[in-house]
Amino acid sequence: MSQEDDKVFLRNFSMIIIMLVVFTIAMALVGNHFNNVLAPAENPSRQANLEKRIQSPASVNTGAQPQAPAQVAATPAADAAPEADIDGAKVYQNACMACHASGAAGAPKLDAASWTERLPKGEEELVNNAINGIGAMPPKGGQMQLSDAEILAAVQYMLAQL
Ligand code: HEC
C-alpha cells in the first residue's frame, strides 16, 4: 500500500463520515418539523382521569345504594325511605349482627329458612317490630340512638341477604 492509497482512503472515509453527520442533522430537523406541525394525539385515559379529578364531590357515591345526586334531590323525603347516606350493611354490622349472625336468643339468622314464617308479615311489619322490639329482641336491637330510617335500611339489608 502506497502513501497515495492511504490519502485516497482517508479522503473517501472522511467524506462518508461528513455525509452521515449531515444526514443525521437533516433527519433530526425533519423529525422536529413534523413534531411541531402535527397535533399531538389526544390520550383518552388522560382525559378521563382529568374529568374524574375535577368532578364535584357531591357526585361521589359513598352509600350502598347507587343513586345519582339528581335523583336524591328529585325524590321527596318520604318518611320510610332510607336516606341516601345510610348504609344498611353498616348499621347491621354495628347493631344487629351480634344476635342475627349467630342466632343468639333465637334471633333469625340471615338464611331463607329462618325467615319463611316472618316474611309474610311484610317489610313494614318486620321493620315496626325491629323498631319496637319483639320477643327477646329489644327495641332497635338495644341501640336507641338509631333512627327509624337506619333500622329500615338494616332490615332491607338483612332481607336482601336471604
Ligand atoms: C339482642 C339480640 C338482638 C339484636 C342486637 C337484634 N336482634 Fe333482631 N331479633 C332478635 C330476636 C331474638 C328476634 C326474634 C324475636 C321473636 O320473634 O321472638 C329478632 C327478630 C328480628 C326481626 C324479625 C321481626 C319479626 O317481626 O319477625 C327483624 C326484622 C329484626 N330482628 C331486625 C333487627 C335489626 C334491624 C337489628 C339491628 C338494628 C336487630 N334485629 C338486632 C334479637 C336481636
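The values are calculated or read from the model by the stated rules, or taken from the named source; none is laboratory data. Note that the structure is predicted; figures quoted are calculated from it, not measured. Note that each Cβ is placed from the backbone with ideal geometry, even for glycine, and that neighbours are counted across all protein chains shown. Accessible surface areas use protein heavy atoms only, side chains included; no ligands, DNA or RNA. Shrake-Rupley method; radii C 1.70, N 1.55, O 1.52, S 1.80 Å.
Take the Kirkwood radius over Cα pairs of region 81-160, plug it into Stokes-Einstein at 37 °C and 0.692 mPa s, and you get 264 µm²/s for translational diffusion. Sequentially through region 152-157, phi angles give Karplus couplings (6.51, -1.76, 1.60; θ = phi - 60°) of 4, 4, 5, 5, 4, 4 Hz, Gly and Pro residues having no value and appearing as x. From most to least packed by mean Cβ count within 10 Å, the peptides 36-48, 122-134 give 122-134, 36-48.
Let me know the whole percent of all Cα-Cα pairs from region 1-44 that are separated by more than 16 Å.
In whole percent, the long-distance tail amounts to 61.
Using equal-weight Cα scatterers in the Debye expression, the normalised intensity of region 118-162 in log10 at q = 0.30 Å⁻¹ is -1.18. Peptides 105-117, 139-151 ordered by packing proxy, namely the average of other Cβ atoms within 10 Å per residue, highest first: 139-151, 105-117.
For ASP5, the solvent-accessible surface computed with a 1.4 Å probe is close to 80 Å², ligands and nucleic acids excluded.
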